[in-house]
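The structure appears below as structure tokens.
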Amino acid sequence: MVNMNQLMKQAQAMQKQYMEAQEKINSQEYTGSSGGEMVVATIDGRGEAKSIKIDPSLVDKDEVEMLEDLVVTAFKNAKKKLDEASKDSMSGILPPGMNMPF
């Protein structure tokens, strides 16, 4: 027979661990780059853009399309790092096969 009190305590403990892990992720910043560090993008733990740094040697009116592509790639790289950090921090909390959000 399943002890409902014990089950509820386990669920509450998992929820608390999840919330703590999410808070930690949200409080950090993640940086991605492209073009050999010529473009660097930083996002917060919610995936919001914080800053973009562009090497001055890239600013040329004839290179706008390349610059735009590098910026997009840098942000994708930063978002990938955020997603990996989220996955890593949740891996020890949830039972195998269970993913968040529910």
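Key figures for this structure:
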{"item": "Residue that is surrounded by the fewest Cβ atoms within 10 Å (Cβ to Cβ) [pool: residues in the range 3-38 that are closer than 23 Å to ASP69 by Cβ and of a type in the set (Ser, Thr, Tyr)]", "result": "THR31"}
{"item": "Residue list for the range 45-91, filter: under 29 Å from ASN26 (Cβ atoms), of a type in the set (Gly, Ala, Ser) and free of Cβ contacts under 8 Å to residues at least 60 places away in the same chain", "result": "GLY45, GLY47, ALA49, SER51, ALA74, ALA78, SER91"}
{"item": "Residue within the range 3-25 that is free of Cβ contacts under 8 Å to residues at least 40 places away in the same chain, closer than 29 Å to SER89 by Cβ and in contact with a Leu (Cβ under 8 Å, 6 or more places away or on another chain) present", "result": "no"}
{"item": "Single unsatisfied condition, THR42 versus (1) in contact with a strand residue (DSSP E or B) (Cβ under 7 Å, 6 or more places away or on another chain); (2) in contact (Cβ under 8 Å) with a residue 60 or more places away in the chain; (3) β-branched (Val, Ile, Thr)", "result": "(2)"}
{"item": "Odd one out for ASP88 among (1) assigned to a helix (DSSP H, G or I); (2) in contact with a Ser or Thr (Cβ under 7 Å, 6 or more places away or on another chain); (3) surrounded by fewer than 15 Cβ atoms within 10 Å (Cβ to Cβ)", "result": "(2)"}
{"item": "Some residue of the range 53-66 being among the β-branched types (Val, Ile, Thr), surrounded by 13 or more Cβ atoms within 10 Å (Cβ to Cβ) and within 21 Å of the chain's Cα centre (by Cα)", "result": "no"}
{"item": "Residue selected from the range 36-83 under the condition among the polar types (S, T, N, Q) and part of a strand (DSSP E or B), by the criterion modelled with the lowest pLDDT", "result": "SER51"}
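The values are calculated or read from the model by the stated rules, or taken from the named source; none is laboratory data. None of the values given here were measured: they were computed from a predicted structure. As a convention, Cβ positions derive from the backbone with ideal geometry for all residues, glycine included, and neighbour counts pool all protein chains shown.
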